[in-house]
Amino acid sequence: MTDETDDDDPDQRLLAAVTSHYLGGRDFNGFPLRNLGLRRDELLALLTPLVEAELISLNFGVYHPNPHIKAFPPEPVANQLQRLAEDDLHHATTYPESAHLEGVVDRDAYAGRPFTLRLALGAPELLPACFFELSVLESYRNDPRYVYDTEDTSGRIVVSDDYYESEAMREADQILLESFGFAYDEDLSRVVCVCPVYLARLTPEHQQLWAARELEGEFRVHPAYFDSSIRGEFPEKVSIFDAFLEELSQLRAMSERIGLPPVVRRDFADARPHGFGFLIRPTLKELQDFHILLDKMMSDNLNADFFKAAGLAMESEHPRHDGRIEVRRRGTVALLEEWSGPGRIRFHDREPRDEMLAAFREVRRLRQRPAHAADDNRFDQEFFTEQRQLMIRAYDAVRTLRQILAMHPGLKDYDEVPDWLYKGEIYTY
């Protein structure tokens, strides 16, 4: 930072002090107004021209409860000056703004740290304004030295305990990314979004890795990530993957309520299956791996004992060319079709039931693609769309199964279905 000020100009002395405080620490904190020891009228006279010129901004903890961090862009100038004239000043702080910082920051001091430089130039810390290709997450997800912890709308990356401060891992790679989320373009294609403050804490090596995958353009932050990480509120809806798992839990609970073996063998309440989420890299292999996993959670997960207890035959006879009869074990989807047939259950509209069976069969068919095909590495953004649309059909299928089971007389008073699940308050992207 250069420091060329007029010692006789109080405005410039203040600007230099605020700038030195901001750039002098690692956290880019605001300068407390109480440190000036001035009356309100003196502060108003001193700060007004600097605020009006947008060389500094005032933070009263309006957008974020901690005024010592520049979480978001400043309030409009008129609002700042009104608060300066009327509000409690004890916790108020001031920040140098980019109009001033652009001319005084020594960029060489931040070589190799592009995101730290952005904060030095006045960028808000907690605004998820940095967007990246999904592939930036791959090296962390596939590296066992990192704990890659992600849900469907947010996640974090941290070095595992075995490698933290270990000589087996370079210090430059021992990083912590406290939070990342997801965002979308107008076609609902997914990207990663991160707040600058978390990127600024990465090592230079990893800041450059992320910078190489940064995207330009207009993106919309996932509302669940914005609500939880930025506004500090609970998301309004639940992801379709969490909803799918809750449907499985409900199917088990409802089966037990009527005294039958569970209609699904597992609800995965103990651990969410690895890979059960949106694709990180849109390759045919990743999509096919998802098909296999989804089939294991659908057709393979249906419990033959449930259908046996309901009185269905577990085997079927098939004539052979030599005239003999071959006895085959019936598949779970065939059992589901018979159990939910019109001869056993009365439907006002059979279309949801038929769509349920079609979805089970579609997932089974997709799974049967030969493994390790020559085009496994084919990359296509359309795979994101294909997966999302398939997941919607798969979710609708297990939801319909739960609704059919709920028609059992023994479940007339069953009231354990969460309200959000009953109303379908679910994010499908």
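The values are calculated or read from the model by the stated rules, or taken from the named source; none is laboratory data. A quick note: this is a predicted structure, and the numbers were derived from the prediction, not measured. Every residue, glycine among them, receives a Cβ derived from its backbone with ideal geometry; neighbour counts consider all protein chains shown. Side chains are part of the model used for accessible areas, which takes the heavy atoms of the whole protein and leaves out ligands, DNA and RNA. Shrake-Rupley method; radii C 1.70, N 1.55, O 1.52, S 1.80 Å.
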Quick check: anything in segment 143-155 without any contact (Cβ under 8 Å) to a residue 12 or more places away in the chain and surrounded by fewer than 15 Cβ atoms within 10 Å (Cβ to Cβ)?
-> yes
Select, from L357, L312, the only residue that is without any contact (Cβ under 8 Å) to a residue 60 or more places away in the chain and either more than 30 Å from A269 (Cα to Cα) or over 38 Å from the mean Cα position of the chain (by Cα) (or both).
-> L312
Could you tell me whether segment 150-169 includes any residue that is part of a helix (DSSP H, G or I) and closer than 19 Å to V192 by Cα?
-> no
Give the residue that is farthest from A71 (Cα to Cα), with candidates limited to residues of segment 170-198 that are assigned to a loop (DSSP other than H, G, I, E, B) and open to solvent by 50 Å² or more (accessible area, probe 1.4 Å).
-> R170
Return the total of residues in segment 40-61 being within 12 Å of L14 (Cβ to Cβ) and in contact with a Phe, Trp or Tyr (Cβ under 8 Å, 6 or more places away or on another chain).
-> 1
Kindly provide the set of residues from segment 266-315 that are within 22 Å of M391 (Cβ to Cβ), open to solvent by 10 Å² or more (accessible area, probe 1.4 Å), of a type in the set (D, E, K, R) and part of a helix (DSSP H, G or I), ordered by number.
-> K285, E286, D289, K296
Identify, please: which residue in segment 54-109 is touching a helix residue (DSSP H, G or I) at 6+ places or on another chain (Cβ under 7 Å) and assigned to a loop (DSSP other than H, G, I, E, B) and is, among those, surrounded by the fewest Cβ atoms within 10 Å (Cβ to Cβ)?
-> H90
Scan segment 110-149 residue by residue and report those that are among the small types (G, A, S), at pLDDT 95 or above and not in a helix (DSSP H, G or I).
-> A111, G112, G122, A123
Using beta carbons and a limit of 9 Å, which pairs, at least six apart or on different chains, have the first residue in segment 65-81 and under 13 Å from E52 (Cβ atoms) and in contact (Cβ under 8 Å) with a residue 24 or more places away in the chain and the second one of a type in the set (S, T, N, Q) and not in a loop (DSSP other than H, G, I, E, B)?
-> V77/S57; Q80/S57; Q80/N59; L81/T48
Residues of segment 371-429 satisfying the condition of being within 27 Å of the chain's Cα centre (by Cα) and of a type in the set (V, I, T) = T385, I392, V398, T400, V417, I426, T428
Note on L23: of the conditions (1) assigned to a helix (DSSP H, G or I); (2) touching a Leu at 6+ places or on another chain (Cβ under 7 Å); (3) not charged (D, E, K, R), unmet is (2)
Restricting the search to segment 207-225, which residues are touching an Asp or Glu at 6+ places or on another chain (Cβ under 9 Å) and assigned to a helix (DSSP H, G or I)?
-> P223, A224
Under 8 Å by Cβ, and 6 or more places apart or on different chains, what pairs join a residue from segment 332-345 that is open to solvent by 40 Å² or more (accessible area, probe 1.4 Å) with one that is part of a helix (DSSP H, G or I)?
-> E337/L357; E338/F307; R344/E338
Check segment 351-359 and report whether any residue there is surrounded by fewer than 16 Cβ atoms within 10 Å (Cβ to Cβ), over 26 Å from L287 (Cα atoms), modelled with pLDDT of 85 or more and among the charged types (D, E, K, R).
-> yes
Scan segment 378-389 and give yes if some residue there is among the aromatic types (F, W, Y), under 14 Å from E246 (Cβ atoms), in a helix (DSSP H, G or I) and out of contact with any Ser or Thr (no Cβ under 6 Å at 6 or more places or on another chain), otherwise no.
-> no
Residue tally, condition under 30 Å from F278 (Cβ atoms) and open to solvent by 20 Å² or more (accessible area, probe 1.4 Å), over segment 114-140 = 12
Can you find a residue in segment 167-188 that is modelled with pLDDT under 95 and among the β-branched types (V, I, T)?
-> yes
Does at least one position in segment 232-243 carry a residue that is open to solvent by 50 Å² or more (accessible area, probe 1.4 Å), part of a helix (DSSP H, G or I), of a type in the set (G, A, S) and over 30 Å from K412 (Cα atoms)?
-> no
Residue satisfying all of: in segment 250-260; surrounded by fewer than 17 Cβ atoms within 10 Å (Cβ to Cβ) and not β-branched (V, I, T); farthest from N303 (Cα to Cα) among these = R257
